[in-house]
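Every read-out reported here was derived from the displayed coordinates using simple, explicitly stated rules and does not represent laboratory data. Worth saying up front: this structure is predicted, and the values here are computed from it rather than measured. Virtual Cβ from ideal backbone geometry, glycine too; neighbours counted across all protein chains shown.
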Amino acid sequence: MKKIWLLLWLSLVGISVFAAEDTITEQAEQFYAAGNYEEAADIYRQILDEGWESADLYYNLGNCYYKSGNHTRAILNYERALLLRPGDAMARYNLEMAQQSIVDKIEVLPEFFLVRWYKALETSLSADQWGYLSVAGFIVFLVMAALFFYSHSVVVKKTGFIVGIIAFFLTLGTVFWAFRQEHRISNREYAIVVTPSVTVKGAPNESGTSLFLIHEGLKVQVVEKLGDWYNIRLADGNEGWVENSDIEKI
């Protein structure tokens, strides 16, 4: 009986938390509609600080920053929204709009077309979406296996075998891609430059050789961390060291 009451209490607490979040979100939307973008952004940041993270929150926060003229923060939050929901067309479009203000126009290193297609496929869905597909694929595999073992029809057995094999390998692939997407979310290997201008050093210290200059809003890959310094890589392959206060991970 105590367990039942405990489950009921946890359910009520969960409902009340979601209701409170919805109320706060509605308030933020009202601020946004009224043009009070800073107030709306404060509410979205408060929700994120409390441990709630979603693509919608980052997207809405990105819109607040974009409307208030802070394109660097808009880029950061649109990128975070796309990390959680890669197929969000609106977030991608708004990101491209915000990126027009970036000073640095880095030429991306060319990739073999098969590698490019593979990466596009892998990042086309979120970890949850790949997970749902893997479950669906495994169910199809079990159904086909049952048809293969228990059907008396040769045609049905062949169909069950062929479709079952395809479903099995699709399940393995979708599980792998789900883990890959989850790995991206956990590791956050990319970052956005948040300092107006940064001199990239050849060593992780102030006395290191100055290599080149980058500006806020630029997306970089974090290769290594050493003390208060990050080794970053640009899309054109150039590398160097910047202080951790100069960038913020996506």
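Along the charge dipole of the chain, Cβ charges K/R +1 and D/E -1, which of LEU142, GLN221, ILE75 sits furthest on the positive end?
LEU142
Could you tell me which residue out of GLY160, GLY208, VAL175 lies farthest along the dipole of the range 158-214 toward its positive end? Charges go on the beta carbon: Lys and Arg +1, Asp and Glu -1, centred on the Cα centre.
Result: GLY160, furthest along the dipole toward the positive end.
Tell me which residues come under 5 Å, amide H to amide H, from GLY87 once H is placed; ignore anything under 5 positions away on its chain.
When sequence neighbours closer than 5 places are left aside, the close amide H contacts are SER126.
Using the alpha-carbon atoms, what tilt in degrees (0 to 90, nearest 10) does helix 89-99 show relative to the longest principal axis of the chain?
Taking the Cα atoms of the chain, the angle to 89-99 is about 20 degrees.
Find out how many positive minus negative residues lie around ALA146, taking Lys and Arg as positive, Asp and Glu as negative, among other residues whose Cβ is under 15 Å from that of ALA146. Can you show the working numbers first?
On the way: positive: LYS157, LYS158; negative: none.
With Lys, Arg at +1 and Asp, Glu at -1, the net is +2.
Evaluate the distance, in nm, between pseudo-label points positioned 7 Å from the Cα of ASP236 and of TRP117 along their respective Cα→Cβ axes.
With each label placed 7 Å out from Cα toward Cβ, I get 3.0 nm.
Loop by DSSP (not H, G, I, E, B), at most 15 other beta-carbon atoms within 10 Å: where is the longest site-free stretch of the chain for GluC sites (Glu not before Pro)?
Values: sites that count: GLU50, GLU53, GLU107, GLU111, GLU189, GLU206.
Between exposed loop sites, the widest span is 112-188.
Going by a ≥ b ≥ c, the root eigenvalues of the Cα gyration tensor, does the chain fall in the rounded group (a/c under 1.5), the prolate group (a/b larger than b/c) or the oblate group?
On the way: a/c = 2.33, a/b = 1.36, b/c = 1.71.
Oblate, since a/c reaches 1.5 and b/c is not below a/b.
So what J values fall out for the range 23-28 if you push phi through Karplus, 6.51 cos²θ - 1.76 cosθ + 1.60 with θ = phi - 60°, rounded to Hz, Gly and Pro as x?
5, 5, 5, 4, 5, 4
What shape does the range 95-148 have by the C-alpha gyration tensor, where a ≥ b ≥ c are the square roots of the eigenvalues, rounded means a/c under 1.5, and otherwise prolate means a/b greater than b/c and oblate the rest? Mind showing how you got there, number by number?
Values: a/c = 7.19, a/b = 2.58, b/c = 2.79.
Here the range 95-148 falls in the oblate category.
Please list, ordered by chain and number, the residues whose modelled amide H lies under 5 Å from the amide H of TRP229; skip anything fewer than 5 residues away on the same chain.
Close amide H contacts, sequence-distant or interchain: ASN244.
Taking the Cα centre of the chain as origin, work out the dipole magnitude from +1 charges on Lys and Arg Cβ and -1 charges on Asp and Glu Cβ, in debye rounded to 20.
Values: 21 positive and 30 negative charges, 271 e Å.
Magnitude of the dipole: close to 1300 debye.
With everything on Cα atoms, drop me the angle between helix 37-49 and the longest principal axis of the chain, reported from 0 to 90° to the nearest 10.
In the chain, helix 37-49 runs at an angle near 60 degrees to the longest axis.
For the chain, take the longest principal axis of its alpha carbons; what is the angle in degrees between that and the long axis of helix 71-84, to the nearest 10 within 0 to 90?
Helix 71-84 and the main axis of the chain meet at about 20 degrees.
How far apart, in nm, are two points set 7 Å out from the Cα along the Cα-to-Cβ line at ILE106 and at ILE165?
Output for this residue pair reads 4.4 nm.
Over what distance in Å are the Cα centres of the range 73-103 and the range 150-174 separated?
Spelled out, the Cα-based centre of one part sits 41 Å from the other.
Using θ = phi - 60° and the Karplus curve 6.51 cos²θ - 1.76 cosθ + 1.60, what whole-Hz ³J(HN,Hα) does each residue of the range 119-134 get, with Gly and Pro shown as x?
These are the phi-based 3J(HN,Hα) values: 5, 5, 5, 4, 9, 6, 10, 7, 4, 5, 5, 5, x, 4, 5, 5 Hz.
Report the charge-dipole magnitude of the range 28-78 in Debye, nearest 20, computed about the Cα centre from +1 at each Lys and Arg Cβ and -1 at each Asp and Glu Cβ. Let's see the in-between values first.
Details: 3 positive and 8 negative charges, 52 e Å.
Taking the Cα centre of the range 28-78 as origin, the dipole is about 260 debye.
Dipole size in debye (nearest 20) for the range 20-149 around its Cα centre, Lys and Arg Cβ +1, Asp and Glu Cβ -1? If you can, show how the numbers build up before the last one.
On the way: 9 positive and 19 negative charges, 123 e Å.
Approximately 600 debye in magnitude.
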